[in-house]
Amino acid sequence: MARLFVDADACPVKEECERVATRHGVRMLVVSNGGIRPSANPLVESVFVAAGPDEADKWIADQAGPGDVVVTGDIPLAARVIAGGAVVVKHNGEVLTDRNIGNVLATRDLMADLRSADPFRQGGGRPFSKADRSRFLEALERVMRGALAGG
């Protein structure tokens with residue numbers, strides 16, 4: 001049975017994840033270092049890992065496997081869980097699989113190199129919008145249906 005893992009510390013779409021998990025009767029694991037309010041939903045389990053860098057990522061990577069869906073914006077974590085057979089949905093609705101994770105990793109590394117070459121480069125990403133939320137919900141629904149259908 002498919003499970004939904006949420007890398008929760010900086011996740012802007014936890015409510016949307018819970019709606020999809022509830023709709024499909026899927027167990028949802030919300031993984032964080034703490035500070036996340038537990039849900040009263042019986043399908044939602046809060047998993048609190050030790051404080052420290054990448055502890056939540058390590059736990060998710062160790063637990064997620066074939067047929068599972070992972071929600072994260074962390075590209076190295078995405079690569080690890082995809083190698084283990086899971087599918088990833090980023091917060092913006094982008095679906096990552098074994099077919100595209102190589103390019104996504106390469107782009108991430110290139111952008112990190114560009115940022116480090118120009119220490120005065122300022123700015124961040126654009127704000128999370130309603131359109132992003134809608135795109136995410138649509139992608140997660142599609143991926144979850146596929147996971148539950150066995151493909």
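The values are calculated or read from the model by the stated rules, or taken from the named source; none is laboratory data. Just so it is clear, the model here is predicted, and its values are computed rather than measured. Counting neighbours? That spans all protein chains shown, and the Cβs are built from the backbone with ideal geometry, glycine included.
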If we keep only residues of the stretch 77-94 that are under 9 Å from the mean Cα position of the chain (by Cα) and not β-branched (V, I, T), then the residue surrounded by the most Cβ atoms within 10 Å (Cβ to Cβ) is A78
Per the filter on the stretch 50-70, residues among the hydrophobic types (A, V, I, L, M, F, W, C) and at pLDDT 95 or above are W59, I60, A61, A64, V69, V70
Of the residues in the stretch 95-151 that are surrounded by 13 or more Cβ atoms within 10 Å (Cβ to Cβ), part of a helix (DSSP H, G or I) and of a type in the set (V, I, T), the one that is modelled with the highest pLDDT is V143
Taking the stretch 14-48 and keeping residues over 19 Å from R145 (Cβ atoms), surrounded by 18 or more Cβ atoms within 10 Å (Cβ to Cβ) and hydrophobic (A, V, I, L, M, F, W, C) leaves L29, V30, V31, V44
Pairing a residue in the stretch 80-92 that is within 18 Å of R145 (Cα to Cα) with any residue that is buried (at least 20 other Cβ atoms within 10 Å of the Cβ) and among the acidic types (D, E), where Cβ atoms lie under 8 Å and the two sit 6 or more apart in sequence or on different chains, gives G85/D68; A86/D68; V87/D68
Inside the stretch 41-66, the number of residues satisfying the requirement of being touching a strand residue (DSSP E or B) at 6+ places or on another chain (Cβ under 7 Å) and closer than 20 Å to R19 by Cβ is 5
Considering the stretch 56-72, residues that are surrounded by 15 or more Cβ atoms within 10 Å (Cβ to Cβ) and of a type in the set (D, E), and then whichever is nearest to A83 (Cα to Cα), we arrive at D68
Restricting attention to the stretch 2-32, the residues that are β-branched (V, I, T), without any contact (Cβ under 8 Å) to a residue 40 or more places away in the chain and outside any strand (DSSP E or B) number exactly 1
